[in-house]
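Chemist: Mind looking over this structure? Questions follow.
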Amino acid sequence: MTDLPFGVNLTILPSVNPPPYTDYVEAIIEGGIKIVETAGNSPKDFIGRFKANGVRILHKCTSV
């Protein structure tokens, strides 16, 4: 609904049965999102895919 770039949040939480984070990453890339804020666990598994597609990553740390 805008021609301007906008960001989305991807919260990566530990889980016995985690959601399909890889599918979420693909949807972000295919949707043309250029900024993703991550939180929770490290986004290390997704950094390469995001960078290869021009997505900037902002990781939020809520505690030391």
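What follows is calculated from the coordinates using simple rules that are stated; it is not laboratory data. Predicted model, so just to flag it, every value in this text is computed and none were measured. No Cβ is skipped: glycine too gets one built from the backbone with ideal geometry, and neighbour counts run over all protein chains shown.
Chemist: How would you rank 57-63, 20-26, highest first, on the average number of other Cβ atoms within 10 Å across their residues?
Modeler: Numbers: 57-63: 9.7, 20-26: 13.7.
The most tightly packed comes first, giving 20-26, 57-63.
Chemist: Per-residue ellipticity at 222 nm for the chain, helices alone: DSSP H runs ≥ 4 residues times -39500 (n - 2.57), over residue total, nearest 500 deg cm²/dmol?
Modeler: Details: 2 runs with 16 residues, N = 64.
Rounded to the nearest 500, it is -6500 deg cm²/dmol.
Chemist: Further question on the same structure: What are the ³J(HN,Hα) values, in whole Hz, obtained from phi via the Karplus relation 6.51 cos²θ - 1.76 cosθ + 1.60 with θ = phi - 60°, for each residue of segment 31-48 in sequence order, with x given for Gly and Pro?
Modeler: In residue order, the calculated couplings are x, x, 5, 10, 9, 10, 9, 10, 8, x, 5, 4, x, 3, 5, 10, 4, x Hz.
Chemist: Quick query: amide H of I35 versus all other amide H atoms, modeled in the peptide plane; which residues come in under 5 Å with a sequence gap of 5 or more or a different chain?
Modeler: F6, V8, R56
Chemist: Another one. Residues with amide H under 5 Å of N41's amide H, sequence separation 5 or more or different chain, H placed in the peptide plane at 1.01 Å from N; which?
Modeler: Those lying under 5 Å, H to H, from N41 are I12, L13.
Chemist: Could I ask something else about it? Can you give the angle from 0 to 90° between the axis of helix 21-30 and the longest principal axis of the chain, with both taken from C-alpha atoms, to the nearest 10?
Modeler: With both axes taken from Cα atoms, the answer is about 10 degrees.
Chemist: How large is the dipole of segment 13-64 about the Cα centre if only Lys and Arg carry +1 and Asp and Glu carry -1, each at its Cβ, rounded to the nearest 20 debye?
Modeler: Magnitude of the dipole: close to 260 debye.
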